[in-house]
Amino acid sequence: MIIRTHEDVTSSVLSELERSKDARFKEIMSSAVRHLHAWVREVRLTEAEYQKAAAIIAKLGQLSDKSHNEVVLIGGSLGVSSLVCLVNNGDRGKRETTANLLGPFWRAGSPRTENGASIVRSPTPGAPMFVTAYVKDLAGKPVADAEVDVWHTSGEGIYENQDPQQADMNLRGKFTTDAEGKISFRSLKPIGYPIPINGPVGDLLREQGRHNLRPAHIHFLIFKPGYKTQFSQVYSSDDPNVETDVQFGVWRSLIGDYVRHEKGPAPAADVRGPWYSLEHHFVIEPGEAKLPTPPITGKAGPDAKPESVVLERRK
Ligand SMILES: [Fe+2]
């Protein structure tokens, strides 16, 4: 088509997409083109702004490698990953769900651990924490024999794979639900952590006066044939950033009640000082049991401990 007006550009691109034989590709790309062109018209994007946008997108790719994915990070910082999760779970967004984001730190091959055992595998700072979690189906019946991976940061806000001082697979474990659909383990209370801000994500947050913190959480991955594999995170109710998560990942069903116990007998005799307990319930849906591709495959080298740079949230 010879282009006469700006409207012709849109219809020309859309008509070329009609040539595709893949119906889903055609649906997704035609809609993307319609929205993208409408956005250019709505904001009347200038040539200079278009060049800037192209440079930002190129930078997202340039900053991504095997241990960091800036594209996923900006998707989260713009709420896209949360949206994708919520329209695909909870009966396609009709009701509350305990599904959440996988995040960039799941590793395959977590050590199998008995219920009740500890996942602290090397000396680690943090307050003792005792976790019980239940897995149920949509009818509220316990799901037995589900495999549940758990992982979280240390009391310094760092995952073991980022931290040469922590043992391999520290604060990670794989549990199996019992007849009540229950797993339990001992660990240390995690704390929140900053996401990296040395690229476009940092620029985006600084422009808005946002902080770059995720509230403290424990990750769960629940696998059982016959059910859709569920990724989840249980956030700490006492974290000051629970309402301003930089990745927009906190929904009500995932706010965990981390109960602080000042005194009284702890579940283990060696506990000195305050400790925490957490009980949480997950609901999994029928569907395909499929493990994701691990976003990371190993531990960082001796100099790789991340610099912890925190942005203040503008008042
Ligand atoms: Fe995390």
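The values are calculated or read from the model by the stated rules, or taken from the named source; none is laboratory data. Note that the structure is a prediction, hence the values are computed from the model and not measured. Note that we place each Cβ from the backbone using ideal geometry, even for glycine, and neighbour counts take in every protein chain shown. To get the accessible areas, we keep the full protein, side chains included, count just its heavy atoms, and leave off ligands, DNA and RNA. Shrake-Rupley method; radii C 1.70, N 1.55, O 1.52, S 1.80 Å.
Remarks
- Options N170, N198; residue that is assigned to a loop (DSSP other than H, G, I, E, B), under 21 Å from A300 (Cβ atoms) and open to solvent by 10 Å² or more (accessible area, probe 1.4 Å): N198
- Single residue of the stretch 281-315 satisfying the filter (open to solvent by 50 Å² or more (accessible area, probe 1.4 Å) and of a type in the set (V, I, T)) that is nearest to the chain's Cα centre (by Cα): T293
- Some residue of the stretch 271-280 being under 19 Å from the mean Cα position of the chain (by Cα) and either at pLDDT 95 or above or outside any strand (DSSP E or B) (or both): yes
- Filter result for G155 (closer than 30 Å to D178 by Cβ, more than 14 Å from the ligand (Cβ to nearest atom) and assigned to a loop (DSSP other than H, G, I, E, B)): yes
- Candidate set: the stretch 142-160, residues that are open to solvent by 10 Å² or more (accessible area, probe 1.4 Å) and either free of Cβ contacts under 8 Å to residues at least 40 places away in the same chain or among the polar types (S, T, N, Q) (or both); chosen: the one nearest to S118 (Cα to Cα): G155
- Residue check, E243 of a type in the set (D, E, K, R) and within 20 Å of the chain's Cα centre (by Cα): yes
- Members of the stretch 31-81 found to be touching a residue at least 60 places away in the same chain (Cβ under 8 Å) and open to solvent by less than 50 Å² (accessible area, probe 1.4 Å), listed by number: L60, L63, H68, E70, L73, I74, G76, S77, G79, S81
- Residue in the stretch 147-167 that is modelled with pLDDT under 95, closer than 19 Å to K299 by Cβ and of a type in the set (A, V, I, L, M) present: yes
- Residue check for V246: within 12 Å of the ligand (Cβ to nearest atom), of a type in the set (A, V, I, L, M) and in a strand (DSSP E or B): no
- For beta carbons closer than 8 Å, sequence separation of 6+ or different chains, a first residue in the stretch 104-121 that is over 22 Å from P295 (Cα atoms) and a second that is among the polar types (S, T, N, Q) and assigned to a strand (DSSP E or B), the qualifying pairs are N115/T176; N115/S184; G116/S184; S118/S187; V120/S187.
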